[in-house]
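To start, the structure under review is shown below, and the notes come after it.
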Protein chains: 6
Amino acid sequence: MPLPRLFRPRHVASAHCDLPCGVYDPAQARIEAESIKAICEKYQASDDPEFRSRSLVIKEQRSELAKHHLWVLWTDYFKAPHFERYPQLHTLFNEATKLAGASGVKGSVDPAVAEQLLTKIEEISKIFWETKQS
Amino acid sequence: MPLPRLFRPRHVASAHCDLPCGVYDPAQARIEAESIKAICEKYQASDDPEFRSRSLVIKEQRSELAKHHLWVLWTDYFKAPHFERYPQLHTLFNEATKLAGASGVKGSVDPAVAEQLLTKIEEISKIFWETKQS
Amino acid sequence: MPLPRLFRPRHVASAHCDLPCGVYDPAQARIEAESIKAICEKYQASDDPEFRSRSLVIKEQRSELAKHHLWVLWTDYFKAPHFERYPQLHTLFNEATKLAGASGVKGSVDPAVAEQLLTKIEEISKIFWETKQS
Amino acid sequence: MPLPRLFRPRHVASAHCDLPCGVYDPAQARIEAESIKAICEKYQASDDPEFRSRSLVIKEQRSELAKHHLWVLWTDYFKAPHFERYPQLHTLFNEATKLAGASGVKGSVDPAVAEQLLTKIEEISKIFWETKQS
Amino acid sequence: MPLPRLFRPRHVASAHCDLPCGVYDPAQARIEAESIKAICEKYQASDDPEFRSRSLVIKEQRSELAKHHLWVLWTDYFKAPHFERYPQLHTLFNEATKLAGASGVKGSVDPAVAEQLLTKIEEISKIFWETKQS
Amino acid sequence: MPLPRLFRPRHVASAHCDLPCGVYDPAQARIEAESIKAICEKYQASDDPEFRSRSLVIKEQRSELAKHHLWVLWTDYFKAPHFERYPQLHTLFNEATKLAGASGVKGSVDPAVAEQLLTKIEEISKIFWETKQS
């Protein structure tokens, strides 16, 4: 029984676990990046040192997850023909994963840096869904 | 800068990391359950013992992730007023997490069992999005 | 060869790994909660910023483990007949896991909050052992 | 508020998270070893290849946990004076952790091997509780 | 006090933990790949179904670690000027991480596939050490 | 095809994953300890509270990894004859793993403590390679 229209993703996703199962979805990276941005905003709004310390601990974990989901897309979903069709794809992923790391959201509590990561993920999503449709 | 309309989720999600960051999304559990279903289908279609063994290893991991994402929604997103408004919610989550475990997708390679898990997650999603809108 | 009387738990435990192996024991959650309480006490007694930061990092991990052990009992050990016999059980677990999270021991360094978590775990243990004996 | 007599461990435990919090308890290793023994028994009683594969996956994880809990006791709880008082302690732990590995319960599905691990853990428990009382 | 000559790596390594600490070393990926190759050889030499199942479980974990260590080098160690100087570097890492996954050592028990992964890691090591010296 | 001379470790390593695969290498512990030392140095050189908090989070993880790699060598690589030949080996590993924990690099940000850990790992490496050659 398929999912009713209302709750299905706009595009049918496929592969992410390296069996491979064939279910990939950039939403996994995006959800972590949204979380990171919200953490940065809460960090800026708080002056409680314990809350701020917890924020940094959790942001580190979420950043690592965002990075991991992006790496999986780059290695497991995208194939040689995609890299030919989108010559900027390697650089895009390299920059996106750097933004998910020390020189990006791991090393910053500025929501604007998290927004840059979201923008990169969105560029990747756009290409991802184009390749799913073709 | 917000995400362009095309790539935004239909509803703006909020909280999942127990800071809490306020970004929750049942899509996390659904993506794992879709992966599990695809693994079961590939398992049934294969007679390679090595592939089948790998399938079972990976299905165990994905099931645990689906279970975890459901637990997070039940404990961290839903609050007392939600449980009053939806008296079936505890049972729904208990059944859904059991379906993500040994008596469900962990202990079975039947895609129909994975479909049952997807149906439960869809019921939870429906309630989740109702509570986000109200 | 059974364990000698002296070192056996008071009640023979059964199931926790979702094979299921049939070995469950609320002691797992309790040990983490005792650790959390001790961490809070040491945090309060210290004014070394490095020790305090480490305390918060470790408390976050221990809280997640306590939460996980509770979730496992709720989903894997307790069955429909238990929930009929103990109608408060869903709420008890939901509150206990919330106490193991951001609105409880994750978000607080007050030993009294850890004590509240221990008390909830004790209520769960009491029911657990009643169901093991019947 | 202390735990009521009925639910307290027979001896008050102390230290396991390397803050250190001061809560250690050999019960953590014992619970995993009991799980491993139950898995071996269920494995022997089953002729379902999928169940047997899952058993091996889960036994591997549980064995690693038992090994880890033993390592923590050896490094974090026991101090130089204990090793002087119990000269066999190093060898006991080395043998116990080997029994939790490839030459023990990881590499075997014989419940008797799991029983040997339980016996070693019991020897360690005996010494542990002696040192807690003195 | 520096390490005596005999036990120092041939080149002083630097950065791997994304603080960043500045200690990177392709040896981490290589050790995992050597382990994978040895697992494949032991798998081929055995006809014990339990040993073979364990081999597949462990090979999956080791492959994921090899993949992770390679991703870290690609994202965290190599910078834009390196990618200009070595235009093949993106493709090299993409192929190496694919070889560490389902289309490589995860999906195969042939030691020759593990050898291909080792060869790719060696190519990466060669470039890595060149960049450390310049 | 063996690795060309230039990129091979000075001694051929063997066993670390408890299959066992037969690939062990003290370099795994050493790389983590070098990372810890670099983290301590960067911590001391910085007065940015966010950077310092991140340093403590990451140092905790790296210390746990160093400890784990040492435990694996002690339990999985070294056998009874080694412990007879090197009677100091148990104490050496117990002290090294304590140095990787709360009373060592976890509880300190002094690079000199990390250096002590490196020195212990070097002593272990020396014995390790002696046993590989004989």
Open item on the list: Ordered shortest first, which distances in nm separate the 7 Å Cα→C-beta label point of F:P81 from those of the other copies?
Closed with: 3.9, 5.2, 5.7, 5.7, 7.3
Open item on the list: Can you compute 3J(HN,Hα) from phi for each residue in region D:110-121, using the Karplus curve 6.51 cos²θ - 1.76 cosθ + 1.60 with θ = phi - 60°, rounded to whole Hz and x for Gly and Pro?
Closed with: 8, x, 5, 5, 4, 5, 4, 5, 4, 5, 5, 5
Open item on the list: Can you compute 3J(HN,Hα) from phi for each residue in region B:22-27, using the Karplus curve 6.51 cos²θ - 1.76 cosθ + 1.60 with θ = phi - 60°, rounded to whole Hz and x for Gly and Pro?
Closed with: x, 10, 10, 7, x, 4
TODO: Compute the Cα gyration tensor for the protein assembly as shown, then decide on rounded, prolate or oblate, letting a ≥ b ≥ c be the square roots of its eigenvalues: rounded whenever a/c is under 1.5, prolate when a/b is larger than b/c in the other cases, and oblate in all that remain.
DONE: rounded
Task: Theoretical ellipticity at 222 nm over chain A - DSSP helices of four or more residues, -39500 (n - 2.57) apiece, nearest 500 - done: -20500 deg cm²/dmol
TODO: Using a Gaussian network model of chain D whose springs link C-alpha atoms within less than 10 Å, name the residue from D:D25, D:D48, D:D110 with the highest mean-square fluctuation.
DONE: D:D48
Open item on the list: Explain nothing, just the number: dipole magnitude of the protein assembly as shown about its Cα centre with +1 on each Lys and Arg Cβ and -1 on each Asp and Glu Cβ, in debye rounded to the nearest 20.
Closed with: 0 debye
Task: Ordering of B:31-44, A:27-40 by burial proxy (mean other Cβ atoms within 10 Å per residue, highest first) - done: A:27-40, B:31-44
Open item on the list: Just to confirm the numbers: F:Q133, label point 7 angstrom along the Cα-Cβ line, distances to the other copies in nm, shortest first?
Closed with: 2.6, 5.1, 6.6, 6.6, 7.5
Task: In sequence order, calculated HN-Hα J values of region D:86-94 (Karplus, 6.51, -1.76, 1.60; Hz; x Gly/Pro) - done: 10, x, 7, 5, 4, 5, 4, 5, 5
- [ ] Quick one: among E:A96, E:A80, E:A45, which has the greatest mean-square fluctuation in a GNM of chain E with alpha-carbon springs under 10 angstrom?
- [x] E:A80
Task: GNM top mover of F:V72, F:V23, F:V105 - chain F, alpha-carbon springs below 10 Å - done: F:V23
Open item on the list: Using the Cα centre of chain C as the reference point, and only Cβ charges (+1 on K/R, -1 on D/E), how large is the resulting charge dipole? Debye, rounded to the nearest 20.
Closed with: 380 debye
Open item on the list: What does the structure give for D:93-106 when I average, per residue, the other chain Cβ atoms found within 10 Å of the residue Cβ?
Closed with: 4
Task: Under 20 Å from the Cα of E:K126 - aspartates and glutamates, other chains or at least 8 residues apart - done: E:D25, E:E32, E:E34, E:D76, E:E84, E:E95, E:E115
- [ ] Can you tell me the 0 to 90 degree angle between the C-alpha axis of helix A:49-72 and the longest principal axis of chain A, rounded to 10?
- [x] 20 degrees
Task: Separation of alpha-carbon centers, region D:12-71 and region D:93-134, rounded to whole Å - done: 11 Å
- [ ] Mind listing the label-point distances from C:Q61 to the same position on all other copies, shortest first, one decimal in nm, points 7 Å along Cα→Cβ?
- [x] 1.1, 1.1, 1.7, 1.9, 2.1
Task: Long-range HN-HN contacts of D:K106 with modeled amide H, under 5 Å - done: D:G101
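The numbers here are math on the coordinates, done by the rules we state, and not lab data. As the structure is a prediction and not an experimental result, all values here were calculated from the model. With ideal geometry, Cβ positions are generated from the backbone for all residues, glycine too; neighbour counts draw on all protein chains shown.
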